[in-house]
Amino acid sequence: MANTTDSAAAARQPLRIALAGLGTVGAGVIRLIAANGDLIARRAGRPLEITAVSARNRSRDRGVDLTAYAWEDDMTQLAAREDVDVVVELVGGSDGPALTLARNAIRHGKALITANKAMIAHHGLELAAEAEGKGVPMRFEAAVAGGIPVIKGLREGAAANRIERLYGILNGTCNFILSTMEDTGRDFADVLAEAQAKGYAEADPSFDIEGTDAAHKLSILSAIAFGTRIDFANVDTAGISRILAADIAQASSLGYVIRLIGMAEADAGENGAPGLFQRVQPHLVPVDHPLAHVDGATNAVVAEGNFSGRLLFQGAGAGDGPTASAVVADIIDIARGYDAGFEKDATFSITVADLEDMPTAPSGHRRGRCYIRFVVADRPGVLAEIAAAMRDAGVSIESLIQKGRPDDGEQVMVAMVTHEGPESAVTEALRLLEGSPSLIAAPLVMQILGK
Ligand code: HSE
């Protein structure tokens, strides 16, 4: 009886939170807890209480009142505070103070919540192994696809399934740029400037436009979906900076839109050995595919489970409200489970010790159709040269369009779509054309997303 009363009382104790990083998301977390605190306390079984905060700049006006919270100049010290149960890291950066704070939090036995995809992609295994060893939980829902509960969806809702394939739109900045180019016919650089002004882009925009941010997120999802160790280094990554307004127009005339797609599959490699295939690359997406309707800064993830069938998660991939929603959902998880403990917590759906170390599957044996765009000199024989390289490599051409560029009479754009075949054949055709004086720019290859 006494025990029941004690645990009921303990359950009502607030869960005490330290918040490191008070940018858009940090301020969003403060606002969310203030607005929905009563509802959250009922759902979590205890109130959430922010006790301490830290950020690089104390005096900046963030539009939230910080006077009720203790301030730490050195954010890495938040983890050592007696009045903290959970450390929420919203600082960003794969290393530096964010990583020091994360390690400190686990060493001090505090639960760790982070929105930091770069840190999880690079150091997630090390952090999770330490957290699992100490019996402290580590959660990172906000690191992937902002407000979409895709990690919970895979880790919990789809936990009974073998995931056959996972793919999606994982970077809102690129999706905003591509869908705006599509709607307006504007050029890449112009739309990138708008995305930056709207606050979608990472501090270093090359992380967005060169596909790194999407690759961070894909490598995290792969681990959860396939039970493999995070392997960010082997995500085959290409960005969107070489896509021309003309490619978008061409794709549209063929019945496609262009989207940056992250794709992962635990498939059989060439020799039948299992391998993990991970790629971030712009794709042509058929206009009747669900991902073709994902516009603006929205993200979407498709997971194909062997019993659930196709699951589609879609929503805001960034922004203060959606990302704060994911962070606080993790805090609620911790609040609910705090008394029961997190011994041997399966951080990536499987404990780190049991994740598989799967070799990288090469892309060459994969079959598919693709779009190849050349910018070539406008003189006799050039088209024949390209066609000969395709013939010699065994690539079958489904359609081919040549268009003069209005701004330059000396060069033309040749865009082709191939019949289904091995990717290695396309690679070979492009190798045959390498160094040809007919080619004014390196060819651009985009896979066509199947149904
Ligand atoms: N820069 C990221 C994006 C923000 O554009 O999706 C959320 O990770």
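The values are calculated or read from the model by the stated rules, or taken from the named source; none is laboratory data. Bear in mind that the values here come from a model prediction, so they are computed numbers and not experimental data. Quick reminder, even Gly has a Cβ in these numbers, built from the backbone with ideal geometry, and neighbours come from all protein chains shown. Ligands, DNA and RNA are excluded from the accessible area calculation, which covers all protein heavy atoms including side chains. Shrake-Rupley method; radii C 1.70, N 1.55, O 1.52, S 1.80 Å.
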³J(HN,Hα), Karplus 6.51/-1.76/1.60, whole Hz, each residue of the stretch 158-171, x for Gly, Pro: 9, 4, 7, 9, 7, 8, 7, 7, 9, 7, x, 9, 10, 10
Amide H partners (placed H, <5 Å) of V257, local residues excluded: V285, V287
Table column - 3J(HN,Hα) (Hz), the stretch 121-133, Karplus curve with 6.51, -1.76, 1.60, x for Gly and Pro: 4, 8, 10, x, 5, 4, 5, 5, 4, 5, 5, 5, x
Rounded to whole Hz, the Karplus (6.51, -1.76, 1.60) HN-Hα couplings of the stretch 237-245, x for glycine and proline: 10, 9, x, 10, 5, 9, 7, 9, 3
Accessible area of M138 in the full protein assembly, 1.4 Å probe (Å², nearest 10): 0 Å²
Other-chain or far-sequence residues with amide H under 5 Å of R165's (modelled H): E304
Where chymotrypsin sites (Phe, Trp or Tyr not before Pro) fall in DSSP loop in the stretch 292-369, at most 15 other Cβ within 10 Å: F307
Average accessible surface area per residue within the chain, 1.4 Å rolling probe, Å²: 41 Å²
Carbon + sulfur, % of accessible area of the chain - ligands and nucleic acids excluded, 1.4 Å: 50 percent
Separation between Cα centres of the stretch 70-136 and the stretch 164-223, rounded to whole Å: 27 Å
Amide H contacts of Q411 (H built 1.01 Å from N, under 5 Å, at least 5 apart or other chain): D378, R405
Cα shape, the chain, gyration tensor, a/c 1.5 rule: prolate
Helix 2-12 vs. the chain, principal-axis angle (Cα, 0 to 90°, nearest 10): 50 degrees
Order by protection proxy (mean Cβ within 10 Å, highest first), peptides 149-158, 384-393: 149-158, 384-393
